[in-house]
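The values are calculated or read from the model by the stated rules, or taken from the named source; none is laboratory data. Keep in mind that this is a model prediction, so the values were computed, not measured. Virtual Cβ from ideal backbone geometry, glycine too; neighbours counted across all protein chains shown. SASA here: full protein model, heavy atoms, side chains in, ligands and nucleic acids out. Shrake-Rupley method; radii C 1.70, N 1.55, O 1.52, S 1.80 Å.
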Amino acid sequence: MTNQIVVFGATGYTGGLVIDALLRRGVRPVLAGRGAERLAKLAEQLGGLEYRVADVDDPASVRALVGAGDVLVTTVGPFEQFGHPVARAAVDAGAHYVDSTGEVGFVRALRQRHDARARAAGPSIAPAFGYDYVPGILAGALAARAAGAGGPRDGRSATSPSARCATG
């Protein structure tokens, strides 16, 4: 399993938005969530997409969603409660991690717990990758790059794991 995009929380509202955006771009994501029946129905409605059942209360099931090189997009919140097992599973697998949180405390804790391991292993972690954070992160990264600061990846200006992903 490599180079797949897995949307965890696929049957929820935000998961649906992510899936719609991916499908419009010709990407066929793997759907993931707790309810096998709901996932099967959604997968069928969307043209026979692959789906997998996982629950944050069963970390092994979340870890089984992704492998090295995959992208795990999670919309399962509240993130303070449910996000850490998902992020840990992605980093452990060597998969890239993207979430839709708006919880500042979670973003800070995510960096403290997982950023160093992710940097050492190679995958990017991009929390708070929602409409209200992305424009500022991208604008800051582009401004830093244009100013010759090397961008957020050089370690001098990194303030969040999101900034790392925004610069490629």
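Structure notes:
- Database remark: amide H of ARG52 closer than 5 angstrom to the amide H of LEU31, ALA32, GLY33 (H placed geometrically; neighbours at sequence offset of 5 or more, or on other chains; Pro and chain starts carry no H).
- Percent carbon-and-sulfur accessible area, region 1-132, ignoring ligands, DNA and RNA, probe 1.4 Å: 52
- Estimated [θ] at 222 nm from DSSP helical runs (n ≥ 4, -39500 (n - 2.57)) normalised by residues in the chain, nearest 500: -12500 deg cm²/dmol
- Net charge of neighbours whose Cβ lies under 15 Å from the Cβ of GLU37, counting Lys and Arg as +1 and Asp and Glu as -1: +2
- Model label points for ASP58 and ARG24, set 7 angstrom from Cα along the Cα-to-Cβ axis, are 3.4 nm apart.
- Dipole size of the chain about its Cα centre, with +1 on Lys/Arg Cβ and -1 on Asp/Glu Cβ: approximately 520 debye, rounded to the nearest 20.
- Percent of Cα pairs exceeding the 17 Å cut-off, where the set is region 5-129: 52
- Under the Karplus curve 6.51 cos²θ - 1.76 cosθ + 1.60, θ = phi - 60°, whole-Hz ³J(HN,Hα) for region 109-121, x wherever Gly or Pro sits: 5, 4, 5, 4, 7, 10, 4, 4, 5, 5, 4, 5, 8
- Centroid-to-centroid separation of region 3-31 and region 32-56 [C-alpha atoms, Å]: 11
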